[in-house]
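Here the structure comes first, spelled out in C-alpha cells, and everything after it is commentary.
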C-alpha cells in the first residue's frame, strides 16, 4: 500500500477535518492530522517562512505537539526552534498579524529559518510512516485503513 497516497486521499475525504473545520474547534486527533498535513505541505512548498505566513500557519503553535504525538520528536524539535526564531511569544493565530511578524524578521532570522528548512527537508523522522500509523491506530476517528 502506498501510504503517502492513502494519506493524500484521506486529507480530502470527509474522515478528516483538514481544510473543512476551523482548526481551533477540531478534536485532538483531527488537530494532529491537520497540523502535520499543513506543516509538511507548506514547509515543503516554501519553507518555514511560507508556512508561518500561510493560512495554515494557524496550526504552527500546535505542530510540535502533533509531531510528538506521532513520535516525530526530531521534527518537533526543528519546528519548535523555528517558532522561537519567528517570535518570542506564541505564533499569532490571526494571519494578518503573522504576516506582519514575519515581514519584520531580520536577515539573520531569515537565514536561521532557511537553515531549519534544510534540517526539515532531511526528514529526520519518516512523517508519512508515523502519520499513517497514527491514523491506522484510530479507526474510530479516521475510519479503518484498508489492508494491502
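Values for this structure:
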{"read-out": "In region 88-110, the residues that are closer than 28 Å to residue 71 by Cα, loosely packed, with under 15 Cβ neighbours inside 10 Å and free of Cβ contacts under 8 Å to residues at least 24 places away in the same chain", "value": "88, 89"}
{"read-out": "Residue tally, condition free of Cβ contacts under 8 Å to residues at least 40 places away in the same chain and part of a helix (DSSP H, G or I), over region 1-27", "value": "6"}
{"read-out": "Residue 74 being under 18 Å from residue 134 (Cβ atoms), buried (at least 20 other Cβ atoms within 10 Å of the Cβ) and either touching a helix residue (DSSP H, G or I) at 6+ places or on another chain (Cβ under 7 Å) or modelled with pLDDT of 95 or more (or both)", "value": "no"}
{"read-out": "Subset of region 111-148 (residues that are surrounded by fewer than 17 Cβ atoms within 10 Å (Cβ to Cβ), touching a residue at least 60 places away in the same chain (Cβ under 8 Å) and either under 16 Å from residue 52 (Cα atoms) or in contact with a strand residue (DSSP E or B) (Cβ under 9 Å, 6 or more places away or on another chain) (or both))", "value": "114"}
{"read-out": "Within region 38-55, tally of residues that are under 20 Å from residue 81 (Cα atoms), without any contact (Cβ under 8 Å) to a residue 60 or more places away in the chain and either part of a helix (DSSP H, G or I) or touching a strand residue (DSSP E or B) at 6+ places or on another chain (Cβ under 8 Å) (or both)", "value": "10"}
{"read-out": "Those residues of region 59-82 which are within 12 Å of the chain's Cα centre (by Cα) and without any contact (Cβ under 8 Å) to a residue 40 or more places away in the chain, in sequence order", "value": "59, 60, 61, 62, 63, 64, 65, 66, 68, 76, 80"}
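The values are calculated or read from the model by the stated rules, or taken from the named source; none is laboratory data. Values in this document were obtained by computation on a predicted structure and should not be read as measured data. Every residue, glycine as well, gets a Cβ built from its backbone with ideal geometry; the counts of neighbours run over all protein chains shown.
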